[in-house]
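Below: one structure, written as structure tokens.
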Amino acid sequence: MESCRLHLRAMLLLVAFLYPAFVQSLVRHYKFSVVFKNTTKLCSSKPTITVNGKFPGPTLYAREDDTVIVRVINHVNHNLTIHWHGVRQLGTAWADGPAYITQCPIQPGQNFIYNFTLTGQRGTLLWHAHTSWLRATLHGAIVILPKRGTPYPFPTPDEEKTVILAEWWKSDVEAVVNQSIKSGLPPNVSDAHTINGHAGPVPGCSSQGGYTLHVESGKTYLLRIINAALNDDLFFKIAGHNLTVVEVDASYTKPFQTDTIFISPGQTTNAILTANRGIGKYLIAASPFMDAPVGFDNLTSIASLLYKGTPANPKAFLTSIPPQNATPVTNTFMDSLRSLNSKQYPANVPLTIDHSLFFTIAVGVNPCATCVNGSKLVAAFNNVSFVMPTIALLQAYYYNTKGVFTLDFPANPPIPFNYTGNSTANMQTTNGTRLYRLGYNSTVQIVLQGTAVIAPESHPTHLHGFNFFVVGKGIGNFDPKKDPKTFNLVDPVERNTISVPTGGWTAIRFRADNPGIWFLHCHLEVHTTWGLKMPFLVENGKGPNETLRPPPADLPTC
């Protein structure tokens, strides 16, 4: 028996020596049971849709190059899908998760297995539902650790903490959005913001406790900060402490210090906290940013940082909250972000461009006979409000099903106008399920141009299936002759979600090296609902590694 054990150990050592990558990469299995759980917050209770009864949901842990298999079982009375936000899904487009784009929803009583590999990524991402507004409570963290033996490109912290920021409605969130769609009016804003599921004291309900971040003097902590809110950009601050930003959207950055993190819905930020202040209690604040004349949840969520050894009932050290319209704070933060661009983690920015696209972002008004005012609010890229199909686009493409979509999404606005000025442009949009086609491995530049139609507003924009480089941004109308001269093509930040500034523009670049159909949309759920979304169709390349694979056998049907 002992000789068998020794022989087996010798064989394992030989495998480890000959195939180190094989030993390093694991298959990680998770089970997500989507269930209702009665939840009490803000001094009121409601049935809440959760994964495994948790809000926020469970954290998915893996290492770079691991394969992740998640069985999602739908025990609630809503169709649903799960999107692995920021995961590249190289060769696994069927696992991306947006409903009616890459898959039909998982119907009540059904299940689906998501299977994907975390190729060449490490850092913090998030998962969330991608059907209607279910991501209000169906969300959680994805923590991708480096390969074994590969250090962080910064001093290894003593501990790591995940901090998820979100919004909470006292009402049933699906009822809120359905009422908005029926009336044609904006939906009710959330009743509070939360930090790791806790709102902290709010007007009318001061008894509830907030989240507590426990630290020890002299230690360092890697905070994995996630904005899982539906509709609000947020500031994050800890009284008396600076934070060193080292990564955003699972891409390493050149480290820089700040006392205020700016983070949009769908974005993640890793920052090092050094516990270098006197023992005591320090307040943590998640407060909204809004520099446009539109409705939003203006409440600040309060949590606490508590040093080990702090006596009971200590006086708290307070922090100043940025003004809600603190645009300079957001600009300073975004302008400080740079790719690490090291030998190990280069910034491979496309320098020549095959597709130069110019997308206007606008809110509009379309007729609606059944709505309150005979009209409804809509939103559009290049004046096209996206119409969701009734079968999944990727399925229709793969099986060559006719009549589901067209490949004529405009590369430029159909009618140019003074985008950020006092425009008299028609506020009505066209409707369609229109895609833009990209050849495999082609390079793409998109200038995302905000507009002042109805009201200028910040738009966090997310691209599925790819990271992109943010090569430029500015206020006012993009100037195609002057502005490209200011582009950063050396070390621009690499992201999957970027905030287009209010009354301004942002330019991004990426390489279309992932066959499939990939969604581009505003990550403010209210604007997505109104149609501010469009898909790219990336064609196959030349070999099996450049070709869309067949769908999994258990792919849900519509």
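The values are calculated or read from the model by the stated rules, or taken from the named source; none is laboratory data. These numbers come from a predicted model, not from an experiment. Glycine gets a Cβ as well: all are built from the backbone with ideal geometry, and neighbour counts include every protein chain shown. In case anyone asks, the SASA skips ligands and DNA or RNA and just uses the protein heavy atoms, side chains included. Shrake-Rupley method; radii C 1.70, N 1.55, O 1.52, S 1.80 Å.
Given all pairs of different Cα atoms, what value in angstroms does the Kirkwood hydrodynamic radius of the stretch 18-98 take?
On the way: mean 1/r = 0.0667 Å⁻¹.
Evaluated on the stretch 18-98, it is 15.0 Å.
When the accessible area of the stretch 154-336 is computed with all protein chains present and a 1.4 Å probe, what percentage of it is carbon and sulfur? Display every interim value, and only then the final one.
On the way: 3650 of 7000 Å².
Result for the stretch 154-336: 52 percent of the exposed heavy-atom area is carbon or sulfur.
Going highest first, how would you order 36-45, 141-150, 231-240 by mean Cβ packing within 10 Å? Please report the intermediate quantities before stating the final value.
Numbers: 36-45: 13.9, 141-150: 16.4, 231-240: 22.8.
Going from most to least packed, we get 231-240, 141-150, 36-45.
Using a probe of 1.4 angstrom, how much of the accessible area of the stretch 22-152 is carbon and sulfur, in percent?
Values: 2280 of 4450 Å².
Here carbon and sulfur together make up 51 percent of the probe-accessible area.
Grab the alpha carbons of the stretch 22-152, take their convex hull, and tell me the volume per residue in Å³. Write down the numbers at each step before the final one.
On the way: hull volume 13.9 nm³, N = 131.
Convex hull volume per residue, Cα atoms: 106 Å³.
Need one number: % antiparallel among DSSP beta bridges in the stretch 22-152, to the nearest 5.
So the antiparallel bridges in the stretch 22-152 amount to around 70 percent.
With point charges of +1 on the Cβ of Lys and Arg and -1 on the Cβ of Asp and Glu, referenced to the Cα centre of the chain, which listed residue (VAL349, SER320, THR119) lies farthest in the positive direction of the dipole?
Most positive-ward Cα: THR119.
Only Lys, Arg, Asp and Glu count, each charged at its Cβ (+1, +1, -1, -1), so figure out the dipole size of the stretch 222-348 about its Cα centre, rounded to 20 debye.
On the way: 9 positive and 8 negative charges, 131 e Å.
The dipole magnitude comes to about 620 debye.
Considering the chain, what Rg and Dmax in Å follow from its alpha-carbon atoms?
Cα radius of gyration and Dmax of the chain are 23.5, 86 Å respectively.
What does the highest-first list of 336-345, 256-265 look like by mean Cβ count within 10 Å? Could you put the intermediate results ahead of the total?
Details: 336-345: 15.6, 256-265: 20.2.
Most protected by this proxy first, the peptides run 256-265, 336-345.
For the chain, what is the accessible area per residue in Å² when the probe is 1.4 Å? Please list the in-between numbers first.
On the way: 22880 Å² over 558 residues.
Result: 41 Å² of accessible area for each residue.
Would you mind estimating how fast the stretch 380-424 diffuses translationally, via Stokes-Einstein at 25 °C and 0.890 mPa s with the Kirkwood radius over Cα pairs, in µm²/s? All intermediate terms of the calculation are to be shown ahead of the outcome.
Values: Rh = 13.0 Å.
D = 188 µm²/s.
Just name one of ASN52, THR102, THR81: the one whose Cα is farthest towards the positive end of the charge dipole of the stretch 22-152 (beta-carbon charges, Lys/Arg +1, Asp/Glu -1).
Checking the options against the dipole of the stretch 22-152, the answer is ASN52.
Determine which lysines satisfy two conditions relative to LYS481: a Cα distance under 17 Å, and not lying fewer than 8 residues away in the same chain.
Output for LYS481: LYS473.
Where a Cα-Cα gap under 18 Å defines reach, which aspartates and glutamates qualify for LYS31, not counting those fewer than 8 residues away within the same chain?
Straight-distance partners of LYS31: ASP66, ASP96, ASP554.
Averaging over every viewing direction, what projected area does the convex hull of the Cα atoms of the stretch 355-538 cover, in nm²?
Details: hull surface 43.4 nm².
Computing the convex hull of the Cα atoms and averaging its projections yields 10.8 nm².
Based on the alpha-carbon gyration tensor of the stretch 229-323, what equivalent-ellipsoid semi-axes (square roots of 5 times the eigenvalues) come out, in whole Å, largest first? Intermediate values should be presented prior to the final figure.
Numbers: eigenvalues 123, 73, 20 Å².
Working from the Cα gyration tensor, I get semi-axes of 25, 19, 10 Å.
In debye to the nearest 20, how big a dipole does the stretch 355-538 give about its Cα centre with +1 on each Lys and Arg Cβ and -1 on each Asp and Glu Cβ?
Working: 12 positive and 8 negative charges, 48 e Å.
For the stretch 355-538, the charge dipole is close to 220 debye.
Give me a comma-separated list of calculated 3J(HN,Hα) values for the stretch 371-383, in order, Karplus coefficients 6.51, -1.76, 1.60 applied at θ = phi - 60°, integers in Hz, x for any Gly or Pro.
3J(HN,Hα) across the stretch 371-383, in whole Hz: 7, 4, 9, x, 8, 9, 6, 9, 9, 7, 8, 6, 6.
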